[in-house]
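A short worksheet on the structure shown next.
The values are calculated or read from the model by the stated rules, or taken from the named source; none is laboratory data. No experiment lies behind these values; they were computed from the predicted model shown. Note that we place each Cβ from the backbone using ideal geometry, even for glycine, and neighbour counts take in every protein chain shown.
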Amino acid sequence: MRIVFAGSGSFGVPSLEALLEGGQEVVLVATQPSRPAGRGRQVRDGPIKDFARRRNIPLIQPEDINAPDAVRKIRQARPDLLLVIAFGQKIGRPLLDLPPYGAINLHASLLPRYRGAAPIHWALINGDTGTGLTVIAMTDRMDAGDILGQRATPMDPAETAGQLHDRLSHLGARLVTEVVQGIPLEEIERRRQNESQATSAPALRKSDGRILWDRAALEIHNRIRGTTPWPGAFTHLAPASGKPPLRLVVARAMVSPRGDVKAEPGVVVACGPEGIDVAAATGAVRLLELTPAGKRMMSAADFLNGYKVKPGTCFLSLEDRADGGRD
């Protein structure tokens, strides 16, 4: 089958690899334009572009995939199918109708749950114990098309958004391969989504990483998991005399095994080589790895060697000075 692939980021790379290994013909790849990234704001090519170049697949990087020039190039590729994975642009009706087998999308949730840009993050933030993947036939409405295939998977209680993203990308490759192979054989059963069960997963903002210590320990732990590595779960260490609060990103944490904690939320109740226990509304959160502003990530033990933290020290739920928007 001749496939045009549209995607950005690393999530779709395993699917591309699997399709080629399975004998499918990827005739064109569309990905977002290369943009400045990182502290140096240098222009960097994305993983999809790198993959296409390594495999000598024709590539386009349209600002708008629905623009006439982009549509013309896709039409010239004579695709049988358009496959979209984490592309980041809305696909218009002319492209959806162009291939004989239409357009399909791999989404990182068990639709109709978590429609939107950040299904992995919100599944973790909300404390779900399982998630999955769905391949749908694309329509004009976001993530609302008929279900062509699904795969469920449990989540580890310590799994972060970054870890789950990578694991789902490989599970998704197998699901995409099965659906693509079954479409021309008419072996795929279409199933409509139950609109009454639809929930949303909007894109995260930087402010979504703020740790609110007046929440339950498990809720805080899930917030940390769901915002690692981006946008990063952050808190502030109460300032020493004459100094500003120190911003910290919590890279890894757990619910503390301590029993009844009697302290105000945000107050350190214990600290040592095993971690820093901070009181929550109920229970405590044990901080295991932290990144102080402008520093490298370090273990709690290393952090304690360099910073004055002891029982009674406070962590604060401050907003960032930045506007809290997306990168």
* Report, ordered by the first and then the second residue, all pairs with beta carbons closer than 7 Å, sequence separation of six or more or different chains, a first member in region 38-52 that is more than 16 Å from Phe87 (Cβ to Cβ) and modelled with pLDDT under 80, and a second member that is surrounded by fewer than 18 Cβ atoms within 10 Å (Cβ to Cβ) and basic (Lys, Arg). => Val43/Arg35
* To do: Name every residue in region 3-37 that is over 21 Å from Ile74 (Cβ atoms), of a type in the set (Gly, Ala, Ser) and either modelled with pLDDT under 90 or in contact with a strand residue (DSSP E or B) (Cβ under 6 Å, 6 or more places away or on another chain) (or both), in order of residue number.
  => Ala37
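Specify which of the listed residues (Val180, Val176) is in contact with a helix residue (DSSP H, G or I) (Cβ under 7 Å, 6 or more places away or on another chain), under 19 Å from Arg115 (Cα atoms) and either modelled with pLDDT of 95 or more or assigned to a loop (DSSP other than H, G, I, E, B) (or both).
Val176
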* For region 72-87, enumerate the residues that are assigned to a helix (DSSP H, G or I) and buried (at least 21 other Cβ atoms within 10 Å of the Cβ). => Ile74
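Determine whether Arg215 is in a loop (DSSP other than H, G, I, E, B), within 23 Å of Val309 (Cβ to Cβ) and in contact (Cβ under 8 Å) with a residue 60 or more places away in the chain.
yes
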* Structure fact -> Scanning region 217-267 for residues that are among the charged types (D, E, K, R) and more than 20 Å from the chain's Cα centre (by Cα) gives Lys243, Arg247, Arg258, Asp260, Lys262, Glu264
* Total residues in region 185-199, condition touching a strand residue (DSSP E or B) at 6+ places or on another chain (Cβ under 9 Å) and either part of a helix (DSSP H, G or I) or touching a residue at least 60 places away in the same chain (Cβ under 8 Å) (or both) -> 3
* With respect to Asp69, determine if the residue is under 30 Å from Glu189 (Cβ atoms), exposed (fewer than 12 other Cβ atoms within 10 Å of the Cβ) and not polar (S, T, N, Q). => no
* Select, from Arg223, Arg258, the only residue that is out of contact with any Pro (no Cβ under 8 Å at 6 or more places or on another chain) and crowded, with 18+ Cβ neighbours inside 10 Å. => Arg223
* Scan region 258-294 residue by residue and report those that are at pLDDT 95 or above and in a loop (DSSP other than H, G, I, E, B). => Ala263, Glu264, Pro265, Gly266, Glu274, Ala280, Ala281, Thr282, Gly283
* To do: Go through region 121-156 and give me each residue that's basic (Lys, Arg) and assigned to a strand (DSSP E or B).
  => Arg151
* Inter-residue pairs, beta-carbon under 7 Å, first at positive phi and in region 295-313, second modelled with pLDDT of 95 or more, 6+ apart -> Gly312/Val267; Gly312/Val268
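Being within 15 Å of the chain's Cα centre (by Cα) and either free of Cβ contacts under 8 Å to residues at least 40 places away in the same chain or within 17 Å of Gly12 (Cβ to Cβ) (or both) narrows it down to one of Ile120, Ile136, so name that one.
Details: Ile136 fails: within 15 Å of the chain's Cα centre (by Cα).
Answer to the check: Ile120.
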* To do: Give the residue, chosen from His107, His121, that is farther than 30 Å from Glu186 by Cα and assigned by TED's automatic domain parsing to the domain that holds Ala158.
  => His121
